[in-house]
1. When you go through Tyr54, Tyr46, Tyr91, Tyr35 one by one, which is the residue that is open to solvent by less than 70 Å² (accessible area, probe 1.4 Å) and in contact with a Cys (Cβ under 6 Å, 6 or more places away or on another chain)?
2. Does the range 74-82 include one or more residues that are within 26 Å of Ile15 (Cβ to Cβ) and in a loop (DSSP other than H, G, I, E, B)?
3. Would you check which residues across the range 209-250 are open to solvent by 70 Å² or more (accessible area, probe 1.4 Å) and either of a type in the set (Val, Ile, Thr) or in a loop (DSSP other than H, G, I, E, B) (or both) and list them?
4. I'd like to verify a number: residues in the range 29-65 that are in contact (Cβ under 8 Å) with a residue 12 or more places away in the chain and among the polar types (S, T, N, Q), how many?
5. Answer with yes or no whether Gly124 is surrounded by fewer than 20 Cβ atoms within 10 Å (Cβ to Cβ) and either under 23 Å from Trp229 (Cβ atoms) or small (Gly, Ala, Ser) (or both).
6. Are any of the residues in the range 142-149 of a type outside the set (A, V, I, L, M), more than 14 Å from the chain's Cα centre (by Cα) and open to solvent by 10 Å² or more (accessible area, probe 1.4 Å)?
7. Please work out if Ile29 is more than 19 Å from Ser105 (Cα to Cα) and either modelled with pLDDT of 95 or more or touching a Gly at 6+ places or on another chain (Cβ under 9 Å) (or both).
8. Applying the selection to the range 156-167, what residues are open to solvent by less than 10 Å² (accessible area, probe 1.4 Å) and within 14 Å of the chain's Cα centre (by Cα)?
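The values are calculated or read from the model by the stated rules, or taken from the named source; none is laboratory data. On a predicted model such as this, the values are computed, not experimentally measured, just so you know. Quick reminder, even Gly has a Cβ in these numbers, built from the backbone with ideal geometry, and neighbours come from all protein chains shown. In case anyone asks, the SASA skips ligands and DNA or RNA and just uses the protein heavy atoms, side chains included. Shrake-Rupley method; radii C 1.70, N 1.55, O 1.52, S 1.80 Å.
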Amino acid sequence: MNYKIVIPSLSRVDILKKRTLAMLEKHNINKSIVYIFVVWEEANAYTKELHNAYNIIVGEKGIAEQRSFISNYFPEDQPLISLDDDIKDIYELQGKVLKPLKDLSKLFKNTFNLLEFEGCRCAGIYPVKNPFYMKHHYSINLSFCIGQVRFFLNTREIETLREYKLLEDFETSLYYCVYNGKIIRLNNICADADYNKLTGGLGSISNRNYKEKKKEVLKFYNQYQDFCWVNDRVTSSGEKKIDIRFKKTF
């Protein structure tokens with residue numbers, strides 16, 4: 001299957017090398033199909049550190065901007081797997097526990113076959129590493145598919161029209177679901193990563209505090225309230241958090 005792996009990365013060449021690339025290497029993924037998208041001022045550092053073993057492409061700065069660039073770089077309908085640069089490993093739910101996936105290539109191929117079977121253009125994984133909430137089946141209703149690991153047939157109509165900086169994964173999930181009437185989420189698969197806890201990364205460009213997040217959440221809700229509701233809460237540690245939750249049917 002002619003899929004490509006795309007990894008947007010910013011100021012994280014060491015993390016990328018030790019995590020996502022090490023994981024791919026462990027699973028014997030061919031380096032020639034891996035494309036790493038960086039900013040101009042960091043291209044030499046990435047090339048030097050990775051010894052020209054991968055395709056290093058100078059793109060744009062910013063999450064939405066880089067993902068748009070990636071979509072424009074590849075042909076329409078190109079099967080793509082987008083990975084974050086800080087993934088330690090990918091896990092599968094077996095019984096009631098999570099175990100490291102044994103065959104990443106099999107997951108990649110099976111997911112694109114599933115997309116074809118369901119007549120769908122986008123699939124994601126379960127957004128948190130918690131077996132208690134995971135299921136042994138995939139879903140096709142409107143679900144949040146985190147951009148950390150995402151399988152899609154390149155669709156520029158969606159990939160290049162991102163409006164949101166902090167909710168871009170919600171935006172993309174909704175757009176693909178509306179486009180197809182469904183979106184696939186593999187509820188038995190999750191990733192082990194640190195999300196926004198590490199330095200660098202495309203997410204570091206945007207202000208992600210509660211006040212800024214609330215602005216985006218309310219804007220998103222006002223624009224798409226038929227599809228979602230607002231989850232505004234205070235955690236047990238006293239931290240204020242706000243985000244979007246999708247309605248299962250629309």
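1. Tyr91
2. yes
3. Within the range 209-250, Gln225, Asp226, Val234, Ser236, Ser237, Glu239, Lys247, Lys248, Thr249, Phe250 meet the criteria.
4. Residues flagged as in contact (Cβ under 8 Å) with a residue 12 or more places away in the chain and among the polar types (S, T, N, Q) within the range 29-65 amount to 2.
5. Details: surrounded by fewer than 20 Cβ atoms within 10 Å (Cβ to Cβ): no; either under 23 Å from Trp229 (Cβ atoms) or small (Gly, Ala, Ser) (or both): yes.
The answer is no for Gly124.
6. Start the filter on the range 142-149 by keeping residues that are of a type outside the set (A, V, I, L, M), which leaves 143-145, 147-148.
Among the residues that remain, those that are also more than 14 Å from the chain's Cα centre (by Cα) are: none.
So far as the range 142-149 goes, no, none of its residues is of a type outside the set (A, V, I, L, M), more than 14 Å from the chain's Cα centre (by Cα) and open to solvent by 10 Å² or more (accessible area, probe 1.4 Å).
7. On the way: more than 19 Å from Ser105 (Cα to Cα): no; either modelled with pLDDT of 95 or more or touching a Gly at 6+ places or on another chain (Cβ under 9 Å) (or both): yes.
No, not satisfied.
8. Listed by number, the residues that qualify are Glu159, Leu167.
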